[in-house]
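The structure appears below as structure tokens.
The values are calculated or read from the model by the stated rules, or taken from the named source; none is laboratory data. Fair warning: this is a prediction, and the values are worked out from it, not measured in the lab. So basically every Cβ, Gly included, is an ideal-geometry build from the backbone, and we count neighbours across all protein chains shown.
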Amino acid sequence: MLIHAAGQRVGVVFDCDGVLADTNQCWDAAFGAVAGQLGLELSRERLALLRGAALGTAAGELARWSDRGPRAADVLRALERALAGAIDTAELTLADEVRELLDQLRGVVRVGVASNSPRSVLLRVLARLDITEYFAAAVSADDVPRPKPAPDPYLAACRALGIDPPASFAIEDSAIGVSSAAAAGLTVIELTGARESDTARPPSGSALQVRSLADPRIGPLVLASAASAAGDSR
């Protein structure tokens with residue numbers, strides 16, 4: 001049972017890529033394209049290390065792995081171009097269950113998004129999905145000193161929303177994101193997709209694992225927390 005101190009403000013902060021939008025393939029395509037330019041063939045293990053990382057972090061890793069001695073700043077610019085191109089040509093669609101959850105939360109708790117995307121990419125994705133209006137705050141990797149897995153993006157989103165991290169929730173799909181949200185003190189709902197169930201996976205730091213945002217436990221969990229906080233404040 002979640003117990004909140006009187007007056008705590010409840011909110012939900014969503015990750016974007018892989019949670020709100022099925023853009024993971026765009027990031028993979030960008031990583032693969034730039035790796036090819038550097039003479040690298042990304043193994044499954046190296047690609048897994050890049051997933052969920054900010055572009056600056058990924059650029060540093062790709063530069064380090066390449067024997068051509070590229071500058072990380074040049075790799076970063078190449079990644080930015082490749083990702084923007086992949087996003088622009090992708091057919092982005094919003095799953096019905098995502099809009100239903102956003103509608104369920106709207107007007108009840110404060111809602112934001114915290115992403116390791118560049119700000120221009122994050123805002124472009126939200127606009128193309130026609131969901132910008134749902135979010136009172138949008139924090140990108142460009143807006144904080146340290147991207148995920150540092151807690152900075154989630155802490156910045158909580159400040160912008162005026163919510164208390166211990167009373168609030170993060171919805172994430174990557175190990176990097178889960179680490180970031182947990183370090184910020186939020187309760188983490190982890191979207192596992194087609195991965196194994198929580199009984200078959202090692203602990204990830206998340207409080208709840210779901211296969212999709214249609215999981216019937218999400219809404220009641222958040223709304224019960226909001227009701228509890230509202231009752232405590234009376």
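Structure above, values below:
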| item | result |
| --- | --- |
| Criterion: surrounded by 16 or more Cβ atoms within 10 Å (Cβ to Cβ) and on the phi > 0 side of the Ramachandran plot - qualifying residue of G193, G205, G185 | G185 |
| Residues being under 17 Å from V109 (Cβ atoms), β-branched (V, I, T) and not in a loop (DSSP other than H, G, I, E, B) - total across segment 140-190 | 4 |
| Residue that is farthest from A170 (Cα to Cα) [pool: residues in segment 114-139 that are without any contact (Cβ under 8 Å) to a residue 24 or more places away in the chain and among the hydrophobic types (A, V, I, L, M, F, W, C)] | A127 |
| Lone unmet requirement of (1) among the hydrophobic types (A, V, I, L, M, F, W, C); (2) in a helix (DSSP H, G or I); (3) closer than 22 Å to D142 by Cβ for A48 | (3) |
| All positions within segment 46-80 that are buried (at least 18 other Cβ atoms within 10 Å of the Cβ) and on the phi > 0 side of the Ramachandran plot | G52 |
| Neighbours by Cβ (under 7 Å, 6+ apart or cross-chain): first from segment 96-107, assigned by TED's automatic domain parsing to the domain that holds A224; second hydroxyl-bearing (S, T, Y) | E97/S212; L102/Y134; R106/Y134 |
